[in-house]
Every structure is written in structure tokens, then in C-alpha cells.
Amino acid sequence: MATRLVSVTCPVCDGGGRAIADLITCGNCNGRGTVQEEIVIRERRDTGDAGGGCVIALLIFAVVSVLVLAYAVLRAFLELLLTQEGRSKLGKLALFVILALVVVGIAKLAIDPEHTLADLGLVSHTSIWYDATFHEIIPRPYNFALLLLSLIPFAVLCWGQTNHRWLTESFQCIGSSVKYV
């Protein structure tokens, strides 16, 4: 390892050249304000610049992987659409996903109505917080009514499962598409 002398600010007088009493010259740097220090320079090995090629190769790999996966999923869904049973399972999967999203949305609205409405863009964040106090848009007792509303999609899902096997055929549709992929 190589060493080199460098000039640095004197740590005793902070580069002023005077000691604590302004009348005395700093004994560390003799009034210069700088001192010579020896630093150790570590050897660096040249690793080269392989980053650009790696990034491009990784990007190409990611794009190709996504395209192959999208093709496989689309082909699986198209094969499901070709048969009556597949269309039925795909429709039941769509109904299940829609009802599940409704349940999650209602639950989020019931738990935190003000921020949910602000996130949806229906109210502004400034209308929730003004005068440095929090103002409820939907009063807290009505949150329980919103939670009761979420029971309606649950009831529809239970009715669909008992009468038309929505959940089992939805999961079979997901399983068959995963097997195909």
C-alpha cells in the first residue's frame, strides 16, 4: 500500500494558527493553520464496467419472461373460453373476484372512511383536516352499518356456493390455469 503526505486543517487551532489564548502561536502547526498528515492509499483493482451490459441483458430477460408468461396465461384463458364448462368456471371466477373486491372496499370504507374517500378522490385531504383538527365525514356509528352492508356480498357468495358452486369452480379455474402455465 502506498502512502502520501497531505495538508489538512490543524485539529488544535482549527486552522486559525493561534492557540486558546489568541496571543500564543499554535504549537501543533506553528501558526500555519495546516499540518502534514500521512495517509494510506489502498490499491484498487480494476473491475471493469460490466454494469451496462448486465443491465441490458437483465432487462431483455425480464421483458421476455413477462411476455412468455402473459402468452401462457392468455392461452390458458382462451382455452377455458372454448368450452362451455370453462366459460362457466371463468364467469364464476369473475363474479367471485368482483364480490371479493366489493367486500374489501366496504370493509376499508368502514374502518377508515375519511382517508378511503380521500384516496378515491371524492373528498380532499384538506376537508378532513381543517383548523388543525380531524373532522369526520361519516360519523363513527354509521361505520357499523357499512360493515353490515359487507355481509350482503358474503351472503351472495354463500348462496352461489351452495347453489352453483362458485368458489370451488373459481378455484378449479385458477388451478387449471396454473397447471397450464
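The values are calculated or read from the model by the stated rules, or taken from the named source; none is laboratory data. All values derive from a computational prediction rather than experimental measurement. Note that we place each Cβ from the backbone using ideal geometry, even for glycine, and neighbour counts take in every protein chain shown. Accessible surface is based on the protein model in full, side chains and every heavy atom, while ligands, DNA and RNA are left aside. Shrake-Rupley method; radii C 1.70, N 1.55, O 1.52, S 1.80 Å.
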Inset, instruction - Give me the pairs, please: first residue somewhere in the range 104-118 and β-branched (Val, Ile, Thr), second residue anywhere and in a helix (DSSP H, G or I), beta-carbon distance under 7 Å, and either six or more positions apart or on two chains. - result: ILE106/LEU146; ILE106/LEU149; THR116/LYS108; THR116/LEU109
Inset, instruction - Could you list, in sequence order, all residues of the range 67-89 that are within 19 Å of HIS164 (Cβ to Cβ) and either modelled with pLDDT under 85 or in contact with a Ser or Thr (Cβ under 9 Å, 6 or more places away or on another chain) (or both)? - result: LEU80, GLY86, LYS89
Inset, instruction - Taking the options LYS179, LYS92, name whichever one is part of a helix (DSSP H, G or I), basic (Lys, Arg) and modelled with pLDDT of 85 or more. - result: LYS92
Legend entry - Subset of the range 29-66 [at pLDDT 75 or above, assigned to a loop (DSSP other than H, G, I, E, B) and open to solvent by 70 Å² or more (accessible area, probe 1.4 Å)]: ASN30, ARG32
Inset, instruction - Please verify whether the range 109-129 includes one or more residues that are modelled with pLDDT of 80 or more, within 30 Å of ARG87 (Cα to Cα), open to solvent by 40 Å² or more (accessible area, probe 1.4 Å) and of a type in the set (Val, Ile, Thr). - result: no
Legend entry - Every pair of residues 6+ apart whose Cβ atoms lie under 7 Å, when the first sits in the range 25-43 and is under 14 Å from GLY15 (Cα atoms) while the second is exposed (fewer than 11 other Cβ atoms within 10 Å of the Cβ) and aliphatic (A, V, I, L, M): GLN36/LEU5
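Step by step: first the residues of the range 165-181, then only those that are in contact with a helix residue (DSSP H, G or I) (Cβ under 8 Å, 6 or more places away or on another chain) and more than 24 Å from VAL68 (Cβ to Cβ), then the one that is surrounded by the fewest Cβ atoms within 10 Å (Cβ to Cβ). Which residue is that? Working first, answer last.
First pass over the range 165-181, keeping only residues in contact with a helix residue (DSSP H, G or I) (Cβ under 8 Å, 6 or more places away or on another chain): 165-170, 172-174, 176-177, 180-181.
Then drop every residue that is not more than 24 Å from VAL68 (Cβ to Cβ), which leaves 165-170, 172.
On the way: ARG165: 14, TRP166: 22, LEU167: 15, THR168: 12, GLU169: 20, SER170: 23, GLN172: 15.
Once the filter is applied, the top-ranked residue is THR168.
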